[in-house]
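In what follows, a single structure is set out as structure tokens and then discussed.
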Amino acid sequence: MDIIYRKLPVDIESGKPRTFNAETRTMRAIAATDSGVNVASYERGGIIKQVLIMSGLELPANGQVPFLDSHNRFETSAVIGSFRNIDVKEHIVEGEIHFSSTSDDVMTKYGEGDLTDTSVGYTILEKAWVPEKESMNFDGRKFKGPVEVVTRWKLHELSAVPIGADDKAKARADVQQPENIKKEKDIMNDEFKKILMKSGLPESATDDEAIRFMEKMQIRADKPDEKPEDEKPEKDEKPEGMTEHERMMIINSERERTIGIETLCRHHGFDDLKTELIQNGASMDAARKAILDKLSERNVDVSSHPATIMADGVDKFRSAAEDAVLIRMGASVEKPVAGATDLTGFSMVEMARKMLKTQNLDDRGNSLILMGRALTTSDFPYLLSNVANKVLFDGFSDAPTTWQEWCSTGSVSDFKTYNMPRVSEADDVDEIPEGMQYKYGTFTENNEQYSIKTYGKMEAITRQMLINDDLNAVSVMLRKRGRALARKLNALAYAVLTGNAAMGDGTALFHADHGNLATSAGLPGVATMNAMELAMMKQQDLKSLQYLNIMPEVIIMPAALKGASEIFFRTERYADSDTVATDSSLAATRTNTWSGDRVRRVYDPVLDADSATAWYVTGPKEDGVKMFFLNGNQTPYMESQAGWTVDGMEYKARIDAYPKALTWENLYKNAGA
């Protein structure tokens with residue numbers, strides 16, 4: 001199934017998108033909407049209205065797609081970045097464009113507002129046609145024909161292009177682009193114009209004349225039984241209802257066909273076949289079949305190169321291969337795709353050979369040569385990256401961390417230092433005697449600062465591991481790296497408590513001046529817990545004008561205190577010789593008001609390294625310690641590249657985060673026994 005393209009304009013404000021950030025080399029954008037867009041349909045012979053159902057979108061396993069230059073899917077130099085952090089909402093698909101370090105020219109054009117459009121490339125997995133005067137319901141919505149409703153589709157790439165179409169899909173900005181702003185006029189591609197000249201276009205033809213010539217060729221191809229346009233009356237020269245944009249859609253589609261055929265022919269050494277296929281109007285499917293026939297004439301074993309597998313088939317095989325490798329590595333695969341279990345018996349060398357075959361690449365040679373070819377020319381690295389990311393995430397998710405139970409989370413968009421001002425309560429109001437003036441009130445301010453940091457490590461999957469089929473070593477390595485990243489977050493959170501760094505007022509987090517450090521140390525018990533609660537309830541605002549009345553919610557303790565602490569919190573009565581009771585049998589007992597789940601308990605051995613007796617209490621999560629993440633991404637991010645220092649694939653796993661105590665009033669410490 002060929003990739004379809006849908007283009008959209010980028011909204012600009014004061015010359016550039018508001019979300020464009022040159023420092024981080026990013027820009028937020030809406031890739032697609034569920035608005036109806038006119039597309040060229042060879043199946044139905046003309047322009048049709050097409051609607052994408054957002055809930056039917058299938059994203060790649062790694063959560064991102066390449067950002068390309070003008071849909072050039074055949075050369076790595078055309079990759080100018082990636083489209084990440086993709087969010088599928090009810091009516092739109094939104095994400096973040098990351099410009100690569102080699103895309104300065106394109107990034108500058110977006111930043112300056114000279115380049116304003118993007119285009120999404122996708123394949124249709126399932127669709128339905130609603131005929132004229134009929135209606136159908138999809139995903140809770142009613143669609144009236146004629147319209148093509150795409151109920152399942154897969155995103156493959158986003159491209160930088162000069163002209164867009166979907167007016168509702170724009171880069172994020174505060175001010176919408178005025179509707180009267182005219183878009184840049186499309187220019188006829190010189191190479192494409194030469195091809196039209198071979199079909200009869202005069203050499204002196206203008207761009208407009210070339211466009212009309214192309215329209216006539218298109219109409220002949222779509223409706224072969226009709227007379228050529230030049231034999232019809234002048235008033236029928238233009239198909240009824242065809243707009244300038246629709247004509248551009250046809251021409252852009254033809255350009256994609258031309259580039260695809262040229263690339264296929266050049267790759268297989270059939271330059272002489274290129275012109276014939278293009279001039280005859282061959283589709284990409286027809287071009288692939290013609291090339292396959294030519295390959296058979298070269299006595300190539302065509303049966304071992306299933307070139308008839310289209311993009312959709314290759315994707316399905318790759319998905320099955322990923323699940324098969326994950327199953328062999330012991331990873332969790334809830335619902336393996338069809339065919340996955342059939343591939344679990346394949347070694348990694350056999351898997352690499354199969355992947356080369358499905359992409360019509362040379363699969364001959366010994367295992368060393370074959371593996372090297374698979375790692376550099378096929379989708380095998382893509383398979384390895386998806387598997388590595390999944391296993392890494394499994395390890396990250398399975399790590400026994402506890403910081404989430406008492407910390408809140410936040411999001412920042414970059415690595416700069418952020419300021420969080422705190423303002424006291426207003427002064428008490430004064431009595432104003434008759435004739436006297438009002439006085440201005442004053443406030444006390446405090447400022448907390450924070451910024452996130454990056455934590456990561458590199459790993460490698462070598463050719464030796466793959467040839468030896470040592471998936472257990474690969475799995476262990478990636479799982480442990482995932483756990484290490486989770487462990488780092490846990491350690492960072494607890495370091496806020498044990499590190500006792502200075503707050504915005506210059507005083508340590510836990511300090512007598514802050515009223516959050518126990519004056520009498522002791523293990524959790526009735527007396528120490530009551531003293532803690534009283535101290536938190538009596539905390540005041542910055543000007544000591546109002547009691548905050550904070551209620552303790554979580555007590556955080558080292559693992560060494562778990563045994564004694566749980567006995568206390570699970571005991572309903574405690575001994576007290578001073579109790580006065582009428583019944584002598586109850587004279588030595590009193591109700592334990594801290595029994596049960598009045599406060600949640602969290603135990604973590606990370607605290608034992610600092611003190612086996614010190615314990616901490618926090619009130620509401622949102623006012624205690626907050627873990628900030630870059631763009632709110634709370635999971636590791638993995639990048640991969642062909643190995644430079646090793647033979648194989650190198651992986652860089654990282655997470656961008658940092659915790660900060662927001663207030664001291666919400667936290668309390670007791671040094672213990």
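The values are calculated or read from the model by the stated rules, or taken from the named source; none is laboratory data. Note that the structure is predicted; figures quoted are calculated from it, not measured. Reconstructed Cβ throughout: ideal geometry from the backbone, glycine too, with neighbour counts over all protein chains shown.
Condition test on residue 49, is it out of contact with any strand residue (DSSP E or B) (no Cβ under 7 Å at 6 or more places or on another chain), over 22 Å from residue 377 (Cβ atoms) and not hydroxyl-bearing (Ser, Thr, Tyr)? Steps first, please.
On the way: out of contact with any strand residue (DSSP E or B) (no Cβ under 7 Å at 6 or more places or on another chain): no; over 22 Å from residue 377 (Cβ atoms): yes; not hydroxyl-bearing (Ser, Thr, Tyr): yes.
For residue 49, the condition - out of contact with any strand residue (DSSP E or B) (no Cβ under 7 Å at 6 or more places or on another chain), over 22 Å from residue 377 (Cβ atoms) and not hydroxyl-bearing (Ser, Thr, Tyr) - is not met.
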Original post:
Could you say whether any residue in segment 483-505 is touching a Gly at 6+ places or on another chain (Cβ under 7 Å) and within 29 Å of residue 323 (Cα to Cα)?
Top reply: yes
Subject >> Of the criteria (1) buried (at least 18 other Cβ atoms within 10 Å of the Cβ); (2) farther than 23 Å from residue 597 by Cβ, which one residue 544 fails >> reply: (1)
Original post:
Just one of 85, 62, 72 is under 17 Å from the mean Cα position of the chain (by Cα) and not in a strand (DSSP E or B); which is it?
Top reply: 62
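Would you check if there is a residue in segment 384-395 being hydrophobic (A, V, I, L, M, F, W, C) and under 23 Å from residue 621 (Cβ atoms)? Full working, then the answer.
Just the residues of segment 384-395 that are hydrophobic (A, V, I, L, M, F, W, C), to begin with: 384, 387-388, 391-393.
So of that shortlist, the ones also under 23 Å from residue 621 (Cβ atoms) come out as none.
No, there is no match, as no residue in segment 384-395 is hydrophobic (A, V, I, L, M, F, W, C) and under 23 Å from residue 621 (Cβ atoms).
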Subject >> Residues that are in contact with a Phe, Trp or Tyr (Cβ under 9 Å, 6 or more places away or on another chain) and part of a helix (DSSP H, G or I), drawn from segment 374-427 >> reply: 374, 384, 385, 388, 389, 392, 403
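Find the residue count for segment 643-669, including only residues that are under 24 Å from residue 97 (Cβ atoms), surrounded by fewer than 20 Cβ atoms within 10 Å (Cβ to Cβ) and modelled with pLDDT under 90. I'd like the intermediate steps shown before the answer.
Of the residues in segment 643-669, the ones under 24 Å from residue 97 (Cβ atoms) are 651-657.
With the extra rule that they be surrounded by fewer than 20 Cβ atoms within 10 Å (Cβ to Cβ), the set shrinks to 652, 654, 656.
Now narrow it down to the ones that are modelled with pLDDT under 90: 652.
Within segment 643-669, residues that are under 24 Å from residue 97 (Cβ atoms), surrounded by fewer than 20 Cβ atoms within 10 Å (Cβ to Cβ) and modelled with pLDDT under 90 number 1.
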Subject >> Residue in segment 590-607 that is nearest to the chain's Cα centre (by Cα), counting only those that are at pLDDT below 90 and in a strand (DSSP E or B) >> reply: 591
Subject >> Search result, residues across segment 540-554 that are touching a residue at least 60 places away in the same chain (Cβ under 8 Å) and part of a loop (DSSP other than H, G, I, E, B) >> reply: 541, 542, 543, 545, 546, 548, 550, 551, 552, 553
**OP:** Please give the number of the condition residue 315 fails out of (1) at pLDDT below 80; (2) closer than 30 Å to residue 489 by Cα.
**Re:** (2)
**OP:** Look at residue 174 and say whether it is touching an Asp or Glu at 6+ places or on another chain (Cβ under 8 Å) and modelled with pLDDT under 60.
**Re:** yes
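Could you grab me the full set of residues in segment 362-379 that are aliphatic (A, V, I, L, M) and surrounded by fewer than 19 Cβ atoms within 10 Å (Cβ to Cβ)? Walk me through it before giving the result.
Here is the first cut: in segment 362-379, the residues aliphatic (A, V, I, L, M) are 368-371, 374-375.
368, 369 - these are the residues of segment 362-379 that are aliphatic (A, V, I, L, M) and surrounded by fewer than 19 Cβ atoms within 10 Å (Cβ to Cβ).
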Original post:
Mind checking whether some residue in segment 476-499 is part of a loop (DSSP other than H, G, I, E, B) and either closer than 26 Å to residue 409 by Cα or out of contact with any helix residue (DSSP H, G or I) (no Cβ under 8 Å at 6 or more places or on another chain) (or both)?
Top reply: no
**OP:** Collect the residues in segment 554-563 that are modelled with pLDDT under 95 and touching a Gly at 6+ places or on another chain (Cβ under 9 Å), keeping them in residue-number order.
**Re:** 561
**OP:** All but one of (1) at negative phi; (2) assigned to a loop (DSSP other than H, G, I, E, B); (3) touching a Leu at 6+ places or on another chain (Cβ under 9 Å) hold for residue 361, so report the exception by its number.
**Re:** (3)
Subject >> Qualifying residues in segment 360-372 (those that are touching a helix residue (DSSP H, G or I) at 6+ places or on another chain (Cβ under 7 Å) and either of a type in the set (D, E, K, R) or in the same structural domain as residue 478 (by TED's automatic domain parsing) (or both)) - the one nearest to residue 467 (Cα to Cα) >> reply: 363
Original post:
Only one of 17, 66 is crowded, with 16+ Cβ neighbours inside 10 Å and at pLDDT 85 or above; which?
Top reply: 66
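Suppose we keep only residues that are out of contact with any Leu (no Cβ under 9 Å at 6 or more places or on another chain) and in a loop (DSSP other than H, G, I, E, B) within segment 334-346. Which one would you say is modelled with the lowest pLDDT? Break it down stepwise before answering.
Start the filter on segment 334-346 by keeping residues that are out of contact with any Leu (no Cβ under 9 Å at 6 or more places or on another chain), which leaves 334-335, 337-339, 341-346.
Adding the requirement that they be in a loop (DSSP other than H, G, I, E, B) leaves 334-335, 337-339, 344-346.
Working: 334: 80, 335: 84, 337: 83, 338: 83, 339: 83, 344: 88, 345: 87, 346: 90.
Among those that are out of contact with any Leu (no Cβ under 9 Å at 6 or more places or on another chain) and in a loop (DSSP other than H, G, I, E, B), it is 334.
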**OP:** Can you tell me which residue within segment 357-415, out of those that are over 24 Å from the mean Cα position of the chain (by Cα) and of a type in the set (D, E, K, R), is farthest from residue 662 (Cα to Cα)?
**Re:** 364
Subject >> Top-ranked residue in segment 500-539 [being in a helix (DSSP H, G or I) and of a type in the set (S, T, N, Q); ranked as surrounded by the most Cβ atoms within 10 Å (Cβ to Cβ)] >> reply: 528
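Hey, among the residues in segment 608-664 that are of a type outside the set (Gly, Ala, Ser) and in a helix (DSSP H, G or I), which one's farthest from residue 370 (Cα to Cα)? Steps first, please.
Start the filter on segment 608-664 by keeping residues that are of a type outside the set (Gly, Ala, Ser), which leaves 608, 610, 613, 615-618, 620-623, 625-631, 633-639, 641, 644-647, 649-652, 654-656, 658-660, 662-664.
Retained after the next criterion (residues that are in a helix (DSSP H, G or I)): 608, 621-623.
Details: 608: 52, 621: 55, 622: 55, 623: 57 Å.
It comes out as 623.
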Original post:
Do the conditions hold for residue 457, that is, is it assigned by TED's automatic domain parsing to the domain that holds residue 604, within 30 Å of residue 660 (Cα to Cα) and in contact with a helix residue (DSSP H, G or I) (Cβ under 7 Å, 6 or more places away or on another chain)?
Top reply: yes
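One line per residue, one yes/no per condition, for (1) loosely packed, with under 15 Cβ neighbours inside 10 Å; (2) hydrophobic (A, V, I, L, M, F, W, C); (3) over 19 Å from residue 24 (Cα atoms):
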| site | (1), (2), (3) |
| --- | --- |
| 85 | no, no, no |
| 90 | yes, no, yes |
| 118 | no, no, yes |
| 128 | yes, yes, yes |
